[in-house]
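Asker: I have a structure here, written as structure tokens, and I will follow up with some questions on it.
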Ligand code: FEO
Ligand code: CA
Ligand code: CA
Ligand code: CA
């Protein structure tokens, strides 16, 4: 048990009842304030947000993006003592955009207007915001700080690790296969012990189109569409290379138009140095290519390899672990540790044991399995470009949509949300995914045998989500009106060892049913006491969480409030109220007595 950084007892607040108000609700004794909503002027000439959504593409490039997701607070002294709780860099993802909200009248023309597409690409990616706590306790953006930065779906990036230079990432833009432009569908996040941010590319495949009859496995296994990209960016008019690159069809023998490999430069973990505004983001290909939800470090040990975990959020996909080739030493640690190592995939055995299966072309067991399956990989770059196929070949356990992971700061125990999987049949259930038609999801956990880098682990189910009365077999946990939940997604351990759980109910669960609006709960991982702590506004998702080191300021993201809106009819008016257009935003939670969050 971790000694609390602040006052005890923890979980002392009164749990919230589920609710459906178009506002943020926090427990008695706490306050919540909106911060840095979509469109906030952030860099350059600091263009004001226009409430009718008529800002241009160029303006959006200088404003906070849309649909906030994963997030991390870096104390301004993160490179030294890392304990400043009054000033830092808040770095946060922008997962996707909503046509009905990002433009004044949605979209009504096809082909797409180039400046609208430019704006949509600019609303994706990552924001870096230099923020400061004021004497009155409020937080403000530091205007004109050199750290304030937008990274978008168009920002130049480098490919790093084994896939760099592969023939399968050669494009017109990068004839030597070393570079690409932009990061897309940035969902969960991570951060490194050396003070950099990790953003994850989740549902990137849908942004591209490949109309060819024969498509490469690098496209098909990830679902690159055959008719059009999800936002029709490839149709932008007047046409430009920056938009045509989303068409990955073999359009022409003319290499000047060749972007067949463009989708292969997506699906990665991207490392960003927020303290160096001129740094070029690095796509860390050794960590595998899939629908990366989030990324989380295992517990660090001086002289041991670093270990990272990442889930692939799609039905029947997998959980992965990366173990660096070089050992970790605090004084020399850096991005090079992410370029060389072995990627493993999880197999959850029926008896509660588990195995990490290597996806390594130099491993005889792996190559024998590939040969037996009739699958050929030419080199490790080919394995990594086809990580999902490699995991199929290895015989990993197909999971119920792995979302975020969290590692207990003291014990190193790993927790993962499995958000739901309504497609799983009774015949497809297993001990780790025990429910057919799993519409409410669960949380699994494991501890590694011996060291974090171990090849075997022991696991159990921490929580089965569901309505009041849902029991988790083998435990005393039975959900009540204080903590019933569905579709767990965001997951985070605070410095006191409390586990924060965020929900992403969608469809009918989001708009109707017993759970109220999407929300955040907090759990004691030892006792399984769980309480509802925050409820979001109408039609939102609660996702992304971080705090100051003293745990007295908590940052939480509210994504897609009012996501069933049409241009003329908004289903939420959060956060600006009245008849306003809904905007994703960060929420700052504090305790009115200045105490530790969660107490
Ligand atoms: Fe972007 Fe899996 O949530
Ligand atoms: Ca998510
Ligand atoms: Ca989700
Ligand atoms: Ca979402």
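What follows draws every value from the coordinates through simple rules; no lab data is involved. Predicted model, so just to flag it, every value in this text is computed and none were measured. Positions of Cβ are backbone-derived with ideal geometry, glycine not excepted, and every protein chain shown enters the neighbour counts.
Asker: Averaging over all projection directions, find the projected area of the Cα convex hull of region 237-370 and quote it in nm² with one decimal place.
Answerer: Mean projected area of the Cα convex hull: 13.0 nm².
Asker: Sort 290-302, 512-524 by packing, meaning the average of other beta carbons within 10 Å per residue, with the highest value first.
Answerer: On the way: 290-302: 22.9, 512-524: 20.9.
Going from most to least packed, we get 290-302, 512-524.
Asker: In whole Å, largest first, what are the principal axis extents of the Cα atoms in region 336-410?
Answerer: 40, 36, 21
Asker: By count of other Cβ within 10 Å, fewest leading, how are 31, 249, 310 ordered?
Answerer: The most exposed by this proxy come first: 31, 249, 310.
Asker: Now for a different question. Cα atoms only, region 209-281: Rg and Dmax in Å?
Answerer: Spelled out, the Cα radius of gyration and Dmax of region 209-281 are 14.5, 46 Å.
Asker: Turning to a different aspect of this structure: Give me the Å³ per residue figure for the convex hull around the C-alpha atoms of region 449-556.
Answerer: 133
Asker: Something else now. Over the alpha carbons of region 534-575, what is the largest minus smallest coordinate on each principal axis, giving the biggest first in Å?
Answerer: 44, 15, 14
Asker: Expressed as a whole percent, how much of the Cα-Cα distance distribution for region 507-567 exceeds 13 Å? Please report the intermediate quantities before stating the final value.
Answerer: Working: 1252 of 1830 pairs.
The answer is 68 percent, as a whole percent.
Asker: Continuing with the same structure: Rg over Rh of region 67-203, using C-alpha atoms and the Kirkwood radius, what does it come to?
Answerer: 1.04
Asker: What is the ratio of the Cα radius of gyration of region 317-367 to 2.2 N^0.38 Å, with N the residue count, to two decimals?
Answerer: So region 317-367 has a normalised radius of gyration of 1.39.
Asker: Okay, next question. Nearest 5 is fine: what % of DSSP beta bridges in the chain come out antiparallel, could you say?
Answerer: 95
Asker: Further question on the same structure: Per residue of the chain, what 222 nm ellipticity follows from adding -39500 (n - 2.57) for every DSSP H run with n ≥ 4, rounded to the nearest 500?
Answerer: Taking each H run of at least 4 residues, the total per residue is -2000 deg cm²/dmol.
Asker: On to the next question. Percent of Cα-Cα pairs more than 45 Å apart in the chain, please.
Answerer: The calculated P(r) of the chain puts 11 percent of pairs beyond 45 Å.
Asker: Would you calculate the volume per residue, in Å³, of the smallest convex hull containing every Cα atom of region 257-313?
Answerer: On the way: hull volume 7.1 nm³, N = 57.
So the per-residue Cα hull volume is 125 Å³.
Asker: Same structure, new question: Can you give the Kirkwood hydrodynamic radius of region 356-502 from its Cα pairs, in Å with one decimal?
Answerer: Result for region 356-502, one decimal place: 17.1 Å.
Asker: Take every Cα pair under 8 Å in the chain that's 6+ residues apart, average their separations, divide by the length, and report that relative contact order as a whole percent.
Answerer: Worked out over the chain, it gives 16 percent.
Asker: Still on this structure, please answer the following. What's the Kirkwood radius of region 391-439 in Å, using all Cα pairs?
Answerer: Radius from the Kirkwood sum: 12.1 Å.
Asker: Let me ask something else. Using alpha carbon centroids, what distance separates region 203-234 and region 477-554, in Å?
Answerer: Spelled out, the Cα-based centre of one part sits 34 Å from the other.
Asker: Oh, and also: Rg/Rh for region 428-479 to two decimals, with Rh computed the Kirkwood way over all alpha-carbon pairs.
Answerer: 1.05
Asker: Taking every DSSP beta bridge that has both residues in region 1-132, what percent is antiparallel when rounded to the nearest 5?
Answerer: Details: 15 of 16 bridges.
Beta bridges within region 1-132, antiparallel portion: roughly 95 percent.
Asker: Oh, and also: Using every pair of alpha-carbon atoms in region 362-401, split the distances into 10 Å bins beginning at 0 and state the percent of pairs per bin, rounded to integers.
Answerer: Pairs per bin, as whole percents: 30, 57, 13, 0.
Asker: Using a 7 Å offset from Cα along Cα-Cβ at residue 300, what residues in region 393-428 end up with backbone N under 16 Å from the label point?
Answerer: 407-412
Asker: Let me ask something else. What Kirkwood Rh does region 18-147 have if only Cα atoms enter the pairwise 1/r average? Answer in Å.
Answerer: Working: mean 1/r = 0.0607 Å⁻¹.
For region 18-147, the Kirkwood estimate is 16.5 Å.
Asker: Then there's this: May I ask for the distance between the Cα centers of region 338-405 and region 149-189, given as a whole number of Å?
Answerer: About 23 Å separates the Cα centre of region 338-405 from the one of region 149-189.
Asker: Any chance you could run the full-extension gain for residue 512 through residue 54? It's 0.36 nm times the residue separation minus the Cα-Cα distance, nm to one decimal. Kindly include the intermediate steps, with their values, before the conclusion.
Answerer: On the way: separation 458, 0.36 × 458 = 164.88 nm, distance 3.26 nm.
Fully extending the segment from residue 512 to residue 54 adds 161.6 nm.
Asker: Fewest to most neighbouring Cβ within 10 Å: what's the order for 535, 121?
Answerer: 535, 121
Asker: Right, something else. What nm value, rounded to one decimal, do you get for the distance between residue 592 and residue 83 when each label is placed 7 Å out toward the C-beta?
Answerer: With each label point 7 Å from Cα toward Cβ, the separation is 3.1 nm.
Asker: Still on this structure, please answer the following. By counting other Cβ atoms within 10 Å of each Cβ, how are 30, 320, 46 ranked from fewest to most?
Answerer: Ordered from fewest to most neighbouring Cβ atoms within 10 Å, 30, 320, 46 come out as 46, 30, 320.
Asker: Mind putting together the pair-distance distribution for region 134-240? All Cα pairs, 10 Å bins, whole percent per bin, short to long.
Answerer: Result returned by the calculation: 11, 30, 35, 14, 7, 2, 0.
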